[in-house]
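Shown next, in structure tokens, is the structure this report addresses.
The values are calculated or read from the model by the stated rules, or taken from the named source; none is laboratory data. In this text, all values refer to a predicted model and were calculated from it rather than measured experimentally. FYI the Cβ positions are ideal-geometry reconstructions off the backbone, even for glycines, and counts take in every protein chain you see.
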Amino acid sequence: MRKDIIVFGVTIALLVIISSSFRAFDSATIKNFHISENEIFKYHVPSKEESLKMNVVAPYVGKTFTGFKQALAAKESAGLYGLVNAYGYMGKYQFGRKTLRNVGVHDFKHFLNNPEIQERAFDALLSINKWELRKEIKKYAGKTIKGVEITESGLLAAAHLGGAGSVKTFLRSNGKNGFRDGFGTSIKTYLRRFKGFDTTVIEPNRFAKI
């Protein structure tokens, strides 16, 4: 009888040990791995259609005028037409209100909601800046200042950043006097980043409007 009791006790002990080895582990025992009860619902698995959209590759436009506009828009606003930054600059190309008035835009809300007007405003500003910098383009294009090659597209991009007057000051001071915007971006940065694009399609026009 005593032997049966001992065997029974050993059997129970073995069952307890075996069953305990299969219990659910405590996630807190795994270093740096913690999942809240609701966390699984925060994740979204894209559908087949969404996956196809995310894998779309934008056409390569290189150093064309379209490439110039895309590159500048990406730097200014990540291409967002409705963006208004901390300094009040707005749209895909980040216009100030004074500049918008100069190209014939007075309804700023309508401007933000109208991509076509934003594109036309940008083209108009390029025409104005090309007229303002026509002498500088002729004189400095192809030269190097402060290690940066000067090109027409670089000058137009720099003028978009700081105005044609700031670009002239930079050139005439041989790069000693430069402009930086509120985020610390310099004319020299834009001259380098946007050099060599084909902007010959832009017609210089002092009075260009949308």
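Given the condition under 17 Å from ARG172 (Cα atoms) and among the hydrophobic types (A, V, I, L, M, F, W, C), answer yes or no: does some residue in region 113-120 qualify? No, region 113-120 contains no residue that is under 17 Å from ARG172 (Cα atoms) and among the hydrophobic types (A, V, I, L, M, F, W, C). Considering only residues in region 152-184 that are of a type in the set (Ser, Thr, Tyr) and over 23 Å from ASP198 (Cβ atoms), the one that is farthest from the chain's Cα centre (by Cα) turns out to be SER173.
Filter region 152-183 down to the residues that are assigned to a helix (DSSP H, G or I) and hydroxyl-bearing (Ser, Thr, Tyr), then identify the one that is surrounded by the fewest Cβ atoms within 10 Å (Cβ to Cβ). Per the stated criteria, the residue is THR169. Scanning region 113-151 for residues that are in a loop (DSSP other than H, G, I, E, B) and either under 28 Å from GLY196 (Cβ atoms) or touching a His at 6+ places or on another chain (Cβ under 7 Å) (or both) returns LEU133, ALA141, GLY142, LYS143, LYS146, GLY147, ILE150, THR151.
Here's the yes/no breakdown for (1) modelled with pLDDT under 95; (2) touching a strand residue (DSSP E or B) at 6+ places or on another chain (Cβ under 7 Å); (3) hydrophobic (A, V, I, L, M, F, W, C); (4) under 22 Å from GLN94 (Cβ atoms):
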position: ASN114; (1), (2), (3), (4): no, no, no, yes
position: GLU136; (1), (2), (3), (4): no, no, no, no
position: ALA141; (1), (2), (3), (4): no, no, yes, no
position: GLU149; (1), (2), (3), (4): no, no, no, no
position: LEU156; (1), (2), (3), (4): no, no, yes, yes
position: ALA164; (1), (2), (3), (4): no, no, yes, yes
position: PHE170; (1), (2), (3), (4): no, no, yes, yes
position: PHE194; (1), (2), (3), (4): no, no, yes, yes
position: THR200; (1), (2), (3), (4): no, no, no, no
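Taken over region 94-112, the residue count meeting the criterion of being surrounded by 13 or more Cβ atoms within 10 Å (Cβ to Cβ), out of contact with any Ser or Thr (no Cβ under 7 Å at 6 or more places or on another chain) and not in a strand (DSSP E or B) is 11.
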